[in-house]
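A short write-up of the structure that comes next.
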Amino acid sequence: MGEDRHFKARTRSSSVGTVIGITLVLFMLGMLGFMLLNARQMERYFKENVKVDLYLKRDMKEVDVMKFRKKLDLEAFTRETRYVTADEAAEQLKTDMGEDFLGVLGANPLLPSIELNLKEEFASADSLKWIAEHLRQDSHVQEVKYNPMVVENIDANMGKIRWVLLGFSALLLVIAVALINNTIRLAIYSKRFLIRTMHLVGATSWFIKKPFLGRSLWQGMIAAVLAIGLLVGVIQLLIHFQPDLRTLVQPVPLALLLAGVVVAGLVLSLLSTWFAVRRYLRMNTDELNWS
């Protein structure tokens, strides 16, 4: 009875270790998959936040500002606009600098402005240059400012990020397969003599593999569910601290990713178990003792 309880405890501990190992691997694959699936959305998000600041002439009336803003909203390159009064700009500068510079100057030297966010297809260096020249010709505009390096850095860095993610994904997939395979092989190692005994008394390969494969299905499913829970938790945490990232979480890609995690958990567990059991079935007694 004592040996039986000890064997069951070892089996339970081995199963828990296997599930934890598969869960961590699936979680890492899932996070990498999330970044790959949302790389395009991330690029779009960054480009749609490229700003062009239009500083208006100081003597413009409120009604003229509204007409000019409405005209801007109708432009093909405009995604959205925001009007910033001279007083609002002063308050923001005061917050950024941590001191009241108006108290020293005695008057507000800042101009009212309109923050213009571009549509993604216009967030390129050539388009920005043309848009800036086009807007400078308007009689309402005193000055146009933008940072051309922002767009150039987005294009250059997103290309590099894609290649890095693809390379890292391939490497992690190889490591994941190796880790899961090794974890399951270690779990089955303690039962290698039982497998050999069943084979010697005439049990078919399928009859021997069947319970191991069934257990691996459950382990893969449990690990996939745990990994999905971790993924959703991390994504929700990211959105909590950075609400703008909510736009990156699209239902269809996320559903495909979670389904992929489940499939990966089941397939990797089944294949690793299949090959591990088959390996011990092909060994003779001497090889089992030394394996």
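Odds and ends about this structure:
- Scanning region 119-160 for residues that are exposed (fewer than 14 other Cβ atoms within 10 Å of the Cβ), within 20 Å of M66 (Cα to Cα) and touching a strand residue (DSSP E or B) at 6+ places or on another chain (Cβ under 7 Å) yields a count of 2.
- Residues in region 222-244 that are without any contact (Cβ under 8 Å) to a residue 40 or more places away in the chain and within 18 Å of L32 (Cα to Cα): V225, G229, V232, G233, Q236, L237, L238, I239.
- Residue match in region 262-279 (condition: within 30 Å of Y45 (Cα to Cα) and under 13 Å from the mean Cα position of the chain (by Cα)): no
- Filter result for M28 (assigned by TED's automatic domain parsing to the domain that holds L237, at negative phi and not in a strand (DSSP E or B)): yes
- Meeting the requirement of 2 or more residues that are at pLDDT below 75, the helices (runs of 4 or more DSSP H) wholly within region 86-180 are 86-97, 102-105.
- Residue match in region 37-60 (condition: part of a loop (DSSP other than H, G, I, E, B), closer than 30 Å to Q250 by Cβ and modelled with pLDDT under 80): yes
The values are calculated or read from the model by the stated rules, or taken from the named source; none is laboratory data. Every value quoted in this text rests on a predicted model; they were computed, and no experiment measured them. Cβ sites come from the backbone with ideal geometry, for glycine too, and all protein chains shown count toward neighbours.
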